[in-house]
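Peer 1: Right, I'll just put the structure down here and ask away after.
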Amino acid sequence: MSVEFSPGLTLIFGSLLVPVLRGRMRSAWVLILPVLGLAHLSLLTPGEFGIVSFLGHELVQLRVDRWSMVFGWIFMIAALLAAVYALHVRGALQLTAGFAYAGSATGALFAGDLITLFIYWELTAVTSLLLVWAGGTRAAYRAGMRYVIIQIASGMLLFFGALAQYNATGSLRFEHIGLDGPGGWLLFGAFGIKCAFPFLHNWLQDAYPESTEAGTVFLSAFTTKLAVYALARGFAGTEILVPIGAAMTAFPIFYAVIENDLRRVLAYSLNNQLGFMVVGIGLGTELSLNGTASHAFAHILYKALLFMSMGAVLFRVGTIKGSELGGLYKSMPYTTVFCIIGAASISGFPLFSGFVTKSMILSAAGEGGYLLAWGVLLFASAGVFHHSGIKIPYFAFFAHDSGKRCAEAPPNMLVAMAATAFLCVAIGVYPAPLYALLPYPVDYTPYTASHVLAQLQLLLFSALAFSVLMRYGIYPPELRSTNLDFDWIYRAPLVRLVRWTTRGIRNARGALNGVVQTGAMRIGHFILHESAEGRRLSGRWPTGSMALWMMVLLLAYLILYYA
Amino acid sequence: MKDSSKPASSAREYWLDRPENVRKVYLAVWGLCILLLAVELLLHKHTEVPVEKWFGFHGFFGFVACIGLVLTAKGLRRLVRRPEDYYER
């Protein structure tokens, strides 16, 4: 038996039942729905299905191949784990939005054409916005506004990129695009925004830590990995991705060291981990692309686990600032252990998931002769252990005892963390089932004596550096602060400029009123005149410049939002 | 604290509460690092990149990278740190 509609739709339509049901019925449905999703995946057969005609074009709603399946499996598993973690939440908003969001992202994975991709792409933006807003604070509201404007800008670029593709080739299929292809740069920008490329990255650190304890677990899994998937399909072997990815692995870790909000530290390290995957896409070999796919798989699990453990702390203590925490291992011993398993996995300790996936990308870079990129990735591997592997557990659960005492995390959270931790260890100990899911045949042995020794040396000497810096009081303490990042540009000077300008305009408005009115009438006449057949405005405008103007409009909206 | 129904007992003294035990952990990290260097003497390494052949390369690299990372981040903090409510004012 084969199913011919997208598994994304199962989750999206299933999510609509969540607010209708109450009490135990709802809890049961929340657990059944992702299991139905998993069953749906297991019934899929390779091929293209759900082909509908839209304005004379064929849209492929369900393309099943090895790329979409490996991401489909992990998206569905992540939805299940996040749902268990969120079972204690009373309102229906987070679980409804969470499933709709997971479903949209899954739908995008299986989209065989750019228009279907675009529709799901925008749906992920809107549904995830609800999760950011679920944070319920003024800061969450404002971060959500910034977030959705940037996400929709990404969607606009995707839309115009698709049109440019269509104009040039007559096809809307989503295959390899490349930068030389028509609309290549527009689509590259669309995927790059969602993938948090350098300077396009701040929406991630801005919005994710503002959501609720459960909302952030949902958020951490889907949007950015969907972007990784899209890049892998459209831009595998695009060499510029190697320096871009390398920069992504390196820059965020400096911020992670000095950031006080521990979930924001995790957002920076999420950005750093995406960098490894982007390098793998840029290298474009079977080994490196397998590395990207498997690293995305492992990453979704350990990153969710880390966000779960920090969410549990936030839920019990009411804050997640490193400067206010410490000594919680006494109150939350299980959460501490799960957090350490997540930390060991992201750091790539042998026998944990990160080790068997990240090493593929590093090996591909080394063997391919990308020595500089290899060195940066090695630096980032040491750095990620430093800030995610040590800093997160250390400042939350150990460090100086803050004197805070609380209950252990609720049972549903512990179950979710235990299951996720189990998967992190299982992949690390026995990677064969994961390797069997990857897009290309795997001919790679992670556990060689040289690999294990090299990785252990790297990690333990990093731990030694941390211990020495701590012991001699050189390590920067956790301080209450806001650290300026690239988003400062649109959160401070641009805002001031707009406020200053609008004030000026308001003052001058009285004087200008008459002038503006006659001016507007003249412009109106001009447009009417020029739109006539054969005149300037009646010609075809290239979609690229349309996209540019849409971006200008969105940017203007972002700025006016503050004014 | 959102849920104070089951506060854990805090009267108990934990192993890590004693400074001499923290010192033991610190020395254990040193011990493990030295052990890993010793293992390298016994192992014939297979490498992908030329520099990996150098004795203790990964250990040395990790140590220097992390010291460099933290010192640079400290400098960065001087540059980018603002009050917590910076964007809300």
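Derivation of every value follows stated rules applied to the coordinates shown; laboratory data play no part. Since the structure is predicted, the reported quantities are computational estimates derived from the model, not experimental observations. We place every Cβ from the backbone using ideal geometry, glycine too, and count neighbours over all the protein chains shown.
Peer 1: Arrange A:THR482, A:THR319 by Cβ neighbour counts within 10 Å, fewest through most, would you? Please list the in-between numbers first.
Peer 2: Numbers: A:THR482 19, A:THR319 15.
Ranked by crowding around the Cβ, least crowded first: A:THR319, A:THR482.
Peer 1: Using 0.36 nm per residue of separation minus the Cα-Cα distance, give me the extension gain between A:PHE13 and A:TYR394 in nm, one decimal.
Peer 2: Here the segment from A:PHE13 to A:TYR394 would lengthen by 133.0 nm.
Peer 1: Mind jotting down the distance between the C-alpha centroids of the range A:155-176 and the range A:433-495, whole Å?
Peer 2: 36
Peer 1: Calculate one ³J(HN,Hα) per residue across the range A:63-79 by plugging θ = phi - 60° into the Karplus curve 6.51 cos²θ - 1.76 cosθ + 1.60, and present them in order as whole Hz with x for glycine and proline.
Peer 2: Karplus-based 3J(HN,Hα) across the range A:63-79 equals 10, 9, 8, 5, 5, 5, 5, 5, 6, x, 4, 6, 5, 5, 4, 4, 5 Hz.
Peer 1: Give me the percent relative contact order of chain A, please, defined on Cα pairs under 8 angstrom at least 6 residues apart.
Peer 2: Details: 940 pairs, mean separation 77.4, N = 563.
Averaging sequence separation for qualifying contacts and normalising by length gives 14 percent for chain A.
Peer 1: Now for a separate question. May I ask you to evaluate 6.51 cos²θ - 1.76 cosθ + 1.60, the Karplus curve with θ = phi - 60°, for each residue of the range A:384-390 and list the ³J(HN,Hα) values in order in whole Hz, giving x for glycine and proline?
Peer 2: These are the phi-based 3J(HN,Hα) values: 5, 5, 4, 9, 8, x, 9 Hz.
Peer 1: For A:ARG491, A:ARG480, what's the fewest-to-most ordering of other Cβ within 10 Å of each Cβ? Mind dumping the intermediate values first?
Peer 2: Working: A:ARG491 20, A:ARG480 14.
Ranked by crowding around the Cβ, least crowded first: A:ARG480, A:ARG491.
Peer 1: Roughly how many nanometres apart are two label points built 7 Å out from the Cα toward the Cβ at A:VAL552 and A:GLU367?
Peer 2: 4.9
Peer 1: I've got another one for you. Which cross-chain or sequence-distant (5 or more) residues have an amide H under 5 Å from the amide H of A:LEU62, H modelled 1.01 Å from N in plane?
Peer 2: A:PHE49, A:GLY112
Peer 1: To the nearest 0.05, how large is the calculated FRET efficiency for A:ASP443 and A:ARG496 if R₀ is 60 Å and r is the Cβ-Cβ distance? Mind showing how you got there, number by number?
Peer 2: On the way: r = 57 Å, r/R0 = 0.95.
Efficiency, from the Cβ-Cβ distance: 0.60.
Peer 1: Count, for each residue of A:370-382, the Cβ atoms from other chains sitting within 10 Å of its Cβ, then give me the mean as a whole number. Please list the in-between numbers first.
Peer 2: On the way: counts 1, 3, 0, 0, 4, 4, 0, 0, 8, 7, 2, 4, 9.
Mean inter-chain Cβ contacts per residue within 10 Å come to 3.
Peer 1: Using the count of nearby Cβ atoms within 10 Å as a rough guide to exposure, how do A:VAL356, A:VAL452 rank from fewest to most?
Peer 2: If I rank by nearby Cβ atoms, fewest first, I get A:VAL452, A:VAL356.
Peer 1: Another question, then. Is the range A:283-400 best put as rounded, prolate or oblate by its Cα gyration tensor, with a ≥ b ≥ c the root eigenvalues, rounded for a/c under 1.5, and otherwise prolate when a/b is larger than b/c, oblate when not?
Peer 2: Working: a/c = 3.12, a/b = 2.28, b/c = 1.37.
It comes out prolate by the Cα gyration axes.
Peer 1: If the only charges are +1 at each Lys and Arg Cβ and -1 at each Asp and Glu Cβ, what is the size of the charge dipole of the range A:390-511 around the Cα centre, to the nearest 20 debye? Working shown, then result.
Peer 2: Numbers: 11 positive and 6 negative charges, 221 e Å.
Using only the charged Cβ atoms, the result is roughly 1060 debye.
Peer 1: Which value at 222 nm does chain A reach when only helices count, each DSSP H run of 4 or more adding -39,500 (n - 2.57), with the total divided by all residues and rounded to the nearest 500 deg cm²/dmol?
Peer 2: Values: 23 runs with 391 residues, N = 563.
Calculated at 222 nm, the ellipticity per residue is -23500 deg cm²/dmol.
Peer 1: Just give me a number: lysine pairs in chain A, eight or more positions apart or cross-chain, with C-alpha atoms less than 27 Å apart.
Peer 2: For chain A, the number of qualifying lysine pairs is 21.
Peer 1: Please return the longest range in chain A lying between exposed loop sites, taking GluC sites (Glu not before Pro), DSSP loop only, at most 15 other beta-carbon atoms within 10 Å, and leaving the sites out. Let's see the in-between values first.
Peer 2: On the way: sites that count: A:GLU4, A:GLU175, A:GLU239, A:GLU533.
It runs A:240-532.
Peer 1: Give, rounded to the nearest 20 debye, the magnitude of the charge dipole that the range B:13-89 has about its Cα centre when Lys and Arg contribute +1 at Cβ and Asp and Glu contribute -1 at Cβ.
Peer 2: Working: 11 positive and 9 negative charges, 70 e Å.
In debye, rounded to 20, the range B:13-89 gives about 340.
Peer 1: Let me ask another. Taking a label point 7 Å from the Cα of A:ALA426 along the Cα→Cβ vector, which residues of the range A:38-61 have an amide N closer than 19 Å to it?
Peer 2: A:38-43
Peer 1: Taking 7 Å along the Cα-to-C-beta vector as the label spot, tell me the A:ARG522-A:LEU351 distance in nanometres, rounded to one decimal.
Peer 2: 8.0
Peer 1: While we're on this one: How crowded by other chains is A:443-456, given as the mean number of beta carbons from other chains within 10 Å of each beta carbon? Kindly include the intermediate steps, with their values, before the conclusion.
Peer 2: Details: counts 0, 0, 0, 0, 0, 2, 6, 9, 3, 2, 9, 12, 2, 8.
Mean shielding by partner chains, rounded to a whole number: 4.
Peer 1: Right, something else. Taking the Cα centre of the protein assembly as shown as origin, work out the dipole magnitude from +1 charges on Lys and Arg Cβ and -1 charges on Asp and Glu Cβ, in debye rounded to 20.
Peer 2: Details: 49 positive and 35 negative charges, 454 e Å.
Dipole about the Cα centre, nearest 20: 2180 debye.
Peer 1: Ignore the peptide's own chain and count Cβ atoms of other chains within 10 Å of each Cβ in B:51-61; give me the average, rounded. Walk me through the numbers before you get to the answer.
Peer 2: Working: counts 5, 5, 0, 0, 0, 2, 4, 14, 10, 3, 10.
For this peptide, the per-residue mean of nearby foreign Cβ atoms is 5.
Peer 1: So between B:THR72 and B:LEU16, what do we pick up on full extension, going 0.36 nm a residue minus the alpha carbon distance? Intermediate values should be presented prior to the final figure.
Peer 2: Working: separation 56, 0.36 × 56 = 20.16 nm, distance 3.04 nm.
Extending this stretch completely gives an extra 17.1 nm.
Peer 1: Each residue of the range A:253-262 in order: what ³J(HN,Hα) in whole Hz does its phi give by Karplus 6.51 cos²θ - 1.76 cosθ + 1.60, θ = phi - 60°, with x for Gly and Pro?
Peer 2: Taking θ as phi minus 60°, the curve returns 6, 5, 5, 4, 5, 9, 6, 8, 6, 5 Hz for the range A:253-262.
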